[in-house]
Each structure stands twice: as structure tokens, then as C-alpha cells.
Amino acid sequence: MTDLKLLTISGSLRKGSYNRKLLAEAVRAFGQAEVIEADLNLPLYDGDLEDAEGIPESVQTLVDQIKAADAVVISSPEYNKGISGVLKNALDWISRVPGSAFKNKPTVVMSANAGRTGGETGQYMVIHCLVPHQAEMLPGPTLCVATAGDEFDENDRLLNERYLKVLNTRMTALRDRVS
Ligand SMILES: Cc1cc2nc3c(=O)[nH]c(=O)nc-3n(C[C@H](O)[C@H](O)[C@H](O)COP(=O)(O)O)c2cc1C
């Protein structure tokens, strides 16, 4: 049997990103899969660039990865109580490619932030921004890792059992949905 394809999307480009660490934990909780890590290092959306050169190769690659994935998990920091510009830019580019890459794609959204709410407001905005993409948003307990700098050990493993429990619930539901 071929492995399920799981695409992870981090709304932070930072190498040491807590959202990337959370995605790594999400991958472990999901279990055996072919994991693809999206690269949101895309040009800024610019209608003139699109008119002159069409869809950038990096955007097309991302769209192809979304289409090919059985399931998607997005983890993003909130920035100033909103969606990260990196993620919004990616969603705007994706929307410019015919074929609605996210349509009916089973998707889970989570967040990790330095602040005390774990990026809950920003996470709701991510979910809101996914509405026009018609992703299949899996319901479940909200996972917002707060004061994220204190929540991972030296091996980048989540320390808090309560977060791990919610993460397992979410990723088990995602796996069950696509198995
Ligand atoms: C521009 C900017 C805005 C931020 N706004 C928030 C915020 O609204 N809430 C919050 O909890 N942390 C905020 N932070 C702190 C982030 O939670 C912290 O930088 C976190 O590490 C970002 O996620 P990452 O580790 O995945 O890069 C902000 C950071 C930056 C750079």
C-alpha cells in the first residue's frame, strides 16, 4: 500500500520556528506518511508580475503539492493579532491558479506563538482566509501553543501533555478522514 501524502505548511519562514517544530510533532502524531514541507518563500503577489510572467514556478510547485496531498496541516504564528503576511501572500497566489488547489482538501490548522493566547486570533483569521479556497476544515479542539519558547525540549519535542493530547486528537481525526 502506498503511503498517504501529508503536506505541512508553516506560516513562518524562520529556521528555528516554533510552528515548524509543532508541524514536526503533528507529523509524528499523524503516523506513517510521505511528508512534503511546503516552501512559502514566494515572490510578493503583484498583478504586474503575474501579467508579465504568469504564475511563478515556486507558486505552481506549491499548488501541485497541495493538489497531490491527501491531507494538509497548517501551523502559523499570528502577527499583530492577524495572519502572517507570508501565509496570506501564499494563499493569494494559490487563488490565482485555476483549479482551486485547496477545494475539499482535508485540512487542519494550528498555531504556536510567544504570547499567552498561542495565536488564537490569528488562527481564526487563517481559517477565515481559507474560506474562499473551499478547503475541508476538520473541526476539533483548537490547538494554540502559548509561550511557545517554553514548550519544546532540547529535541524539539512538546513538553505539555495537554497540548500533545489535543495534537493527537486532531491528527488522528485527519488520518481517519483520509484513510
Ligand atoms: C511582526 C511580528 C508580530 C508578532 N505578533 C504577535 C502576536 O500578535 N501575538 C503573539 O503571541 N506573538 C506575536 N509575535 C511573536 C511571535 O509569537 C514569535 O516571534 C514566534 O516565535 C513566531 O513564530 P515562529 O517561532 O514560528 O517564527 C510577533 C512577532 C513578530 C515578528
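The values are calculated or read from the model by the stated rules, or taken from the named source; none is laboratory data. Nothing here was measured: the structure is a model prediction, and the numbers come from that model. We place every Cβ from the backbone using ideal geometry, glycine too, and count neighbours over all the protein chains shown. Ligands, DNA and RNA are excluded from the accessible area calculation, which covers all protein heavy atoms including side chains. Shrake-Rupley method; radii C 1.70, N 1.55, O 1.52, S 1.80 Å.
Counting only residues that are away from the ligand (no atom under 14 Å from the Cβ) and not β-branched (Val, Ile, Thr), how many does the range 24-37 have?
The initial filter retains those residues of the range 24-37 that are away from the ligand (no atom under 14 Å from the Cβ), namely 27-36.
Still in the running and not β-branched (Val, Ile, Thr): 28-34.
Of the residues in the range 24-37, 7 are away from the ligand (no atom under 14 Å from the Cβ) and not β-branched (Val, Ile, Thr).
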- Note on the structure: If you go through THR172, THR121, the only one that is open to solvent by 40 Å² or more (accessible area, probe 1.4 Å), out of contact with any Cys (no Cβ under 9 Å at 6 or more places or on another chain) and more than 19 Å from LYS81 (Cβ to Cβ) is THR172
- Task: Scan the range 140-162 and give yes if some residue there is open to solvent by less than 70 Å² (accessible area, probe 1.4 Å), within 16 Å of the ligand (Cβ to nearest atom), under 25 Å from PRO56 (Cβ atoms) and part of a loop (DSSP other than H, G, I, E, B), otherwise no.
- Result: no
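I need the full set of residues from the range 40-60 which are of a type in the set (Ser, Thr, Tyr) and in a helix (DSSP H, G or I), in order please. Full working, then the answer.
Taking the range 40-60 and keeping what is of a type in the set (Ser, Thr, Tyr), we get 45, 58.
SER58, the sole residue that qualifies.
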- Task: Return yes when SER100 is more than 12 Å from the ligand (Cβ to nearest atom), under 23 Å from GLN134 (Cβ atoms) and of a type in the set (Gly, Ala, Ser) and no when it is not.
- Result: yes
- Task: Collect the residues in the range 54-78 that are open to solvent by 10 Å² or more (accessible area, probe 1.4 Å) and among the hydrophobic types (A, V, I, L, M, F, W, C), keeping them in residue-number order.
- Result: ILE55, ALA68
- Message: When you check VAL63 against the structure, is it within 16 Å of the ligand (Cβ to nearest atom) and part of a helix (DSSP H, G or I), yes or no?
- Response: no
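When the range 1-23 is examined, which residues are found to be within 13 Å of the ligand (Cβ to nearest atom) and either part of a strand (DSSP E or B) or at positive phi (or both)? Break it down stepwise before answering.
Going residue by residue through the range 1-23, those that are within 13 Å of the ligand (Cβ to nearest atom) are 8-23.
Answer for the range 1-23, where residues must be within 13 Å of the ligand (Cβ to nearest atom) and either part of a strand (DSSP E or B) or at positive phi (or both): THR8, ILE9, SER10.
Only one residue in VAL131, VAL126 is modelled with pLDDT of 95 or more, more than 10 Å from the ligand (Cβ to nearest atom) and open to solvent by less than 40 Å² (accessible area, probe 1.4 Å). Which one? I'd like the intermediate steps shown before the answer.
Numbers: VAL131 fails: open to solvent by less than 40 Å² (accessible area, probe 1.4 Å).
From the options VAL131, VAL126, the qualifying one is VAL126.
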- Between a first residue in the range 3-25 that is more than 19 Å from GLY82 (Cβ to Cβ) and of a type in the set (Ser, Thr, Tyr) and a second residue that is assigned to a strand (DSSP E or B) and more than 9 Å from the ligand (Cβ to nearest atom), which pairs have beta carbons less than 9 Å apart while being 6 or more apart in sequence or on different chains? THR8/VAL35; THR8/ILE36; THR8/GLU37; THR8/VAL72; THR8/VAL73; THR8/ILE74
- Task: Specify the residue that is nearest to CYS144 (Cα to Cα); the eligible residues are those in the range 79-101 that are in contact with a Cys (Cβ under 9 Å, 6 or more places away or on another chain) and open to solvent by less than 50 Å² (accessible area, probe 1.4 Å).
- Result: ILE83
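Let's see how each residue does on (1) at pLDDT 95 or above; (2) open to solvent by 10 Å² or more (accessible area, probe 1.4 Å); (3) out of contact with any Cys (no Cβ under 6 Å at 6 or more places or on another chain):
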{"site": "THR2", "(1), (2), (3)": "no, yes, yes"}
{"site": "LYS5", "(1), (2), (3)": "yes, yes, yes"}
{"site": "ILE9", "(1), (2), (3)": "yes, no, yes"}
{"site": "LYS15", "(1), (2), (3)": "yes, yes, yes"}
{"site": "LYS21", "(1), (2), (3)": "yes, yes, yes"}
{"site": "ARG28", "(1), (2), (3)": "yes, yes, yes"}
{"site": "VAL35", "(1), (2), (3)": "yes, yes, yes"}
{"site": "ALA38", "(1), (2), (3)": "yes, yes, yes"}
- Query: ASN104 versus (1) surrounded by fewer than 16 Cβ atoms within 10 Å (Cβ to Cβ); (2) part of a helix (DSSP H, G or I): which is the lone unmet condition?
  - Reply: (2)
